[in-house]
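Take a look at the structure set out below.
No lab work stands behind these numbers, since they all come straight from the coordinates. Everything numeric here is computed off the predicted structure, so don't read it as measured data. Backbone-built Cβ (ideal geometry, glycine too); neighbour counts: all protein chains shown.
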Amino acid sequence: MELIIRNAKLRGREGVWSIGIEQGRTVKVAPSIDAQAEQIIDAEENLVTESFVNGHLHLCKVYTKAIAGDTAVAAYTSGTMGNAMTAIENAARVKEQYDESWIIHNVRRALDLAVKYGNTHIRAFVDTDTTGKLEGIKAVLKAKEEYQERVDIQIVAFPQDGVLRDPGAEDYVREALEMGADVVGGIPWIEYTDKDSQEHIDRMFALAKTFNKDVSMLIDDAGDANLRTLEMLAVKTIEEGWQGRVTAQHARAMALYSEPYYRKVEALLKKAQIGVVSDPQTGPLYARVRDLYDAGLGIALGQDDIADAYYAFGRNNMLEVAFLAAHLMWMTTFEDMEILYDLITTRAAQALGMNDFPLAEGNEANLVVLNAGSVWEAIWNHEAPKVVIKSGKIINA
């Protein structure tokens, strides 16, 4: 075999195990493997799991906090997020200075941290509009190629300032898809009327169908129980037959739904097979994570931001994100922490439609050898893994 990991603890299994890897895939998981290998890793009875998945990161914005200042974050996090739209308008000023030449340096810095912390899969939102134009797209496309053996980057062409509100943004999204962007973005709740929100969704789905792309939209990201774009997105997904190809980011208004309305939306999400990515550390409201998990939906935690207009921190460390979520959502039992770990590994992969991600024979070998013997210790310390493996290759040790 090309690689064997020995003396590994595995989630949900007693004792120590060995993992055999060939041609980028896990070919054997057994208490012992009697075979030779080009490389052998002794896990030393530390936990070995799937690597980490970040379903939401604004990669073109990382490390722009110094330019953006505090105006946007103060508006975004105040009270029950009533000023979220104002925050987005204030944050947009950073894009007036967008240039591929400096964005790429910030992107590389964030991706180096991803490699360090075992974050091998990122859905990267990149502003694609009449202010930022295609500068962010060009930078992240370059980084995607540079880091392709270490991090899978799904580039979302994202009309951050709306489609109806920002005439011309739709054309930039189309051009970004022609350049190689992977996913069609959207932010329908930011439009001024429900009619415009629906048209926003319709136009982005038209592009998704034209280019045969998945869809990822920032949904209902404010403290208003009357926002309905999550329902609109689910209905459109079903109508277009795009089940399993759509994710909703944030959905913070869900925290304020009445119980009957929440149950209706949950049923629609299940029917549409929509994944949800929540970022509780970047705003005072968040989606009903535990309910969505219990319903069997693809539900994930995301980093969202790294030192930008909306959030002052972040290291592309999904164990750190889980650590913060444990406090914010009061998920501090052993069972809770196992769920949180799912939200940055297997359930996160489910949310993004990654079907061969779990640590199992035949699946792609994206793994971490942790510096901990249990999920509890891993979240507690949120340290970098001892070893990171991407598609069967050691990328950091």
Next on the checklist: Can you work out the Karplus-derived ³J(HN,Hα) for every residue in segment 159-168? Use 6.51 cos²θ - 1.76 cosθ + 1.60 with θ = phi - 60°, whole Hz, and x for glycine or proline.
Outcome noted: x, 3, 9, x, 10, 6, 6, 10, x, x
Item to check | In range of the label at D70: residues from segment 294-314 whose backbone nitrogen is under 18 Å from the point 7 Å along Cα→Cβ | outcome: 307-314
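Calculate, for D291 and H327, the FRET efficiency according to 1/(1 + (r/R0)^6) with r their C-beta to C-beta distance and R0 30 Å; round to the nearest 0.05.
Calculated value: 0.95.
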Checklist outcome for this item: Taking placed amide H atoms and a strict 5 Å upper bound, the residues 5 or more places from I274 or on another chain that come that close are G244
Checklist entry - Once you charge only the Cβ atoms, +1 for Lys and Arg and -1 for Asp and Glu, what is the size of the charge dipole of segment 52-351 about its Cα centre, to the nearest 20 debye? => result 340 debye
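Roughly what % of DSSP beta bridges within segment 1-106 run antiparallel, to the nearest 5? Before the final figure, lay out each step's value.
Working: 9 of 14 bridges.
Roughly 65 percent of the DSSP beta bridges within segment 1-106 come out antiparallel.
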Item to check | Where labels lie 7 Å past Cα in the beta-carbon direction, separation of K195 and E2 in nm | outcome: 5.7 nm
Checklist entry - Taking the Cα atoms of segment 1-148 alone, what are Rg (to one decimal) and Dmax (as a whole number) in Å? => result 21.5, 62
Next on the checklist: Through the Karplus equation 6.51 cos²θ - 1.76 cosθ + 1.60, θ set to phi - 60°, convert the phi angles of segment 297-307 into ³J(HN,Hα) values in whole Hz; use x for Gly and Pro.
Outcome noted: 6, x, 10, 9, 9, x, 6, 6, 9, 10, 6
Checklist entry - To the nearest 10 degrees, how steeply does helix 259-272 sit against the main Cα axis of the chain, on a 0 to 90 scale? => result 70 degrees
Checklist entry - How far is helix 229-239 tilted, in degrees, relative to the longest principal axis of the Cα atoms in the chain, given as a value from 0 to 90 rounded to the nearest 10? => result 70 degrees
Checklist entry - Relative to the longest principal Cα axis of the chain, at what angle does helix 318-328 sit, 0 to 90 degrees, rounded to 10? => result 60 degrees
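Given axes a ≥ b ≥ c from the Cα gyration tensor, I'd like to know whether segment 146-267 is rounded (a/c under 1.5), prolate (a/b larger than b/c) or oblate. Intermediate values should be presented prior to the final figure.
Values: a/c = 1.81, a/b = 1.49, b/c = 1.21.
The shape class here is prolate.
Ratio to report: Rg/Rh of segment 115-159, with Cα atoms as the point set and Rh obtained by the Kirkwood method; give two decimals. Can you show the working numbers first?
Working: Rg = 11.3 Å, Rh = 11.0 Å.
My calculation puts Rg/Rh at 1.02.
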Checklist entry - Gaussian network model of the chain, Cα springs within a sub-10 Å range: biggest mean-square fluctuation belongs to which of I67, I379, I274? => result I67
Checklist entry - Exactly which chymotrypsin sites (Phe, Trp or Tyr not before Pro) in segment 292-324 are in a DSSP loop and have at most 16 other Cβ atoms within 10 Å? => result F313
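I want to verify the translational diffusion coefficient of segment 52-351 in µm²/s; compute it with Stokes-Einstein, Rh as the Kirkwood radius over Cα pairs, at 20 °C and 1.002 mPa s. Please report the intermediate quantities before stating the final value.
Details: Rh = 18.7 Å.
This corresponds to a translational diffusion coefficient of 115 µm²/s.
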Checklist entry - Evaluated at 25 °C with a viscosity of 0.890 mPa s, what Stokes-Einstein diffusion coefficient in µm²/s does segment 275-397 have when Rh comes from the Kirkwood expression over alpha-carbon pairs? => result 163 µm²/s
Next on the checklist: For a quick size check, give me the Cα extents of segment 235-343 along its three principal axes, largest first, whole Å.
Outcome noted: 39, 32, 24
Item to check | Sum of -39500 (n - 2.57) over DSSP H runs of 4+, divided by residues of the chain (222 nm, nearest 500) | outcome: -10500 deg cm²/dmol
Checklist entry - Build a GNM of the chain with springs between Cα atoms under 10 Å: which of A91, A349, A74 gets the top mean-square fluctuation? => result A74
Checklist outcome for this item: Any residue on another chain or 5+ positions along whose placed amide H is under 5 Å from the amide H of K9 is listed here as W17, E45, N46, L47, V48
Checklist entry - Under Stokes-Einstein, with the Kirkwood radius over Cα pairs standing in for Rh, what whole-number D in µm²/s applies to segment 332-397 at 10 °C and 1.306 mPa s? => result 124 µm²/s
Item to check | Low-density loop cleavage sites - GluC sites (Glu not before Pro) in segment 5-94, where at most 15 other Cβ are within 10 Å (DSSP) | outcome: E14, E38, E44, E45
Checklist outcome for this item: Here, GluC sites (Glu not before Pro) of segment 146-249 satisfying both criteria (DSSP loop; at most 14 other Cβ within 10 Å) are E149
Checklist entry - What FRET efficiency, computed as 1/(1 + (r/R0)^6) with R0 = 25 Å and r the Cβ-Cβ distance, is obtained for E38 and Q243, rounded to the nearest 0.05? => result 0.05
Item to check | Length added when fully stretched, R13-A360, from 0.36 nm per residue minus Cα-Cα | outcome: 123.6 nm
Checklist entry - Of W242, W189, W330, which has the largest mean-square fluctuation in a 10 Å C-alpha GNM of the chain? => result W330
